[in-house]
Amino acid sequence: MNQRTRSLIAGAGAGLLLLGMLQPAAAQSKYEAPPKARFGDILPKVQQSTNSYRVMDEVNADNLLYGFSMWTPAAWYRPKSEPALRVRIGEAIALAQLNQMKNDPLFLEGLTGAVQTTVESAGYAVFHPFKTLEKIPKGIERTGDAWQARATEGRQEGESGGFFNYPAKRKLAFQLGVDPYTDNQQLQEALNTVSGNRNAGALTANIAASFVGGPIGLGITAAKVNRNLSARLRDNSAPQLKEQSRQTLASLGCNSGAAANFLDQSNYTVTYSSAIVDGMGQLSSVRGISNYVTVPQDASDLATELYYHLQMQMAVGYHRAQNQLAKLDVVGSMPVWTDASGQRNVFAPVDILYWNEMVDTRIKKLNASGTSKGVHLWITGRATDRAKDELSKSGVILHQRSGDQLLVGD
């Protein structure tokens, strides 16, 4: 091979390499790659590590939500949004609190009095505090409505443990600020064991006293909820809550099939479906509110449940604190809310808004419907500079970190 041939091959190779480098760059120029972040940069006020949990420092983004890795003594978790992480942190703290009960005299006394045959001594409870045990019923929900709802609706998503202990379990979960229907199996086991204890009432009271300022309440939602809903979630069974939601949706004029599709979706716990329907009820004066029931998608994970719950809460918060909403239109699968002054609003509880194909497609749909220009986009997180520029070109008015303004309770 002569020098000229070697030069030609080398030049061709360099050209191919350059072309290979340029092609990905050109493809990437249309959209942004999902950004990476560090825990301390995005959640500086949240404790990253305790005896109950530890969140890894590296954070990735996917579908406009942050993804986290979180270690607990019970299991590893992969929360797929910032609200989901806050829920898992709350659950880890609650589980640690419940674990501390294994040496509480009240717990040991109540366990030996409430469990048949499997436990012969307090020593077993110390080393196996939350094994699944057969419990003596300590009480039942005696109202006719509760029994009728149970017969009509059946067992609900996330229900576990002894049927007769459900009221005590809900009160215990409420006091700890966790969802009694959580998919966290370690927490479910602990809640079932303590709520089945003969001294469950006294143990729950002790938990309440240990929190400064009283119980956390509905910390499960990563946002405030109204007091009436908090009380209903604590005092009503899952079938009762589902039946109440059916009645509310019917009163709002929702199509019965669409209402059934929403309420019977797999993986939606009654906590979040009730919260969404409660929000719709608060917006009963909004024309087209019944259409929102078609918006929530199947919940493949906790982050999805929280997304639609928080989206509805943002709408309620805007209605109460900013300007009354008058009309709801669903463009594609995106709810667009028009307020009394004619301003159009989109509420999106996303962690990081970067310019990707999904955002581009949705903006184009808004453009096609004549809705994009002048629409106000409210997000709970922040946007990249590129996303801000692209939205501005489309006439979208962006409001970042709007959770403090819109996610308000009573």
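Just so you know, all these numbers are worked out from the coordinates, no wet-lab data involved. Here the structure is a predicted model, which is why all the values come from computation and not from measurement. Please note: Cβ atoms are built from the backbone with ideal geometry, for glycine as well, and neighbour counts cover all protein chains shown.
Where does each of 226-237, 246-257 land if you order them by average Cβ count within 10 Å, highest first?
Packing order, densest peptide first, comes out as 226-237, 246-257.
First check a/c for region 257-377, with a ≥ b ≥ c the square roots of the eigenvalues of its C-alpha gyration tensor; if it is under 1.5, answer rounded, and if not, answer prolate when a/b is larger than b/c or oblate otherwise. Write down the numbers at each step before the final one.
Values: a/c = 1.66, a/b = 1.20, b/c = 1.38.
Verdict is oblate for region 257-377.
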Fewest-first ordering of 76, 355 by Cβ atoms within 10 Å yields 76, 355
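Would you list 56, 358, 314, 101 from fewest to most Cβ contacts within 10 Å?
On the way: 56 14, 358 11, 314 27, 101 23.
By the 10 Å Cβ count, ascending, the order reads 358, 56, 101, 314.
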Starting from the amide H of residue 327, placed 1.01 Å from N in the peptide plane, find each other amide H under 5 Å away whose residue is 5 or more places distant or on another chain.
287, 338
Rounded to whole Hz and in sequence order, give me ³J(HN,Hα) for region 335-348 from the Karplus expression 6.51 cos²θ - 1.76 cosθ + 1.60, θ = phi - 60°, writing x for Gly and Pro.
x, 10, 9, 9, 8, 4, 8, x, 6, 9, 9, 10, 10, 9
Enumerate the amide H contacts of residue 61 below 5 Å, restricted to partners 5 or more residues apart or on another chain; note that Pro and chain-start residues carry no placed amide H.
67
Label-to-label distance, nm, for residues given as residue 368 and residue 333 (7 Å Cα→Cβ offset)
1.5 nm
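For region 308-380, just say rounded, prolate or oblate: build the C-alpha gyration tensor, square-root its eigenvalues into a ≥ b ≥ c, call rounded for a/c under 1.5, and beyond that prolate if a/b exceeds b/c, oblate if not. Walk me through the numbers on the way to the answer.
Numbers: a/c = 2.01, a/b = 1.27, b/c = 1.58.
Because a/c hits 1.5 or more and a/b fails to exceed b/c, region 308-380 counts as oblate.
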I'd like the Karplus ³J(HN,Hα) series for region 235-249: coefficients 6.51, -1.76, 1.60, θ = phi - 60°, whole numbers in Hz, and an x wherever there's a Gly or Pro.
9, 10, 6, 4, x, 4, 4, 5, 5, 4, 5, 4, 5, 5, 5
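Determine, from the Cβ-Cβ distance of residue 361 and residue 202 and an R0 of 45 Å, the FRET efficiency 1/(1 + (r/R0)^6), rounded to the nearest 0.05. Please report the intermediate quantities before stating the final value.
Details: r = 56 Å, r/R0 = 1.24.
Efficiency at R0 = 45 Å is approximately 0.20.
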Phi angles of region 281-290, converted by Karplus (6.51 cos²θ - 1.76 cosθ + 1.60, θ = phi - 60°) into ³J(HN,Hα) in whole Hz with x for Gly and Pro, give x, 5, 10, 4, 7, 7, 5, x, 4, 4
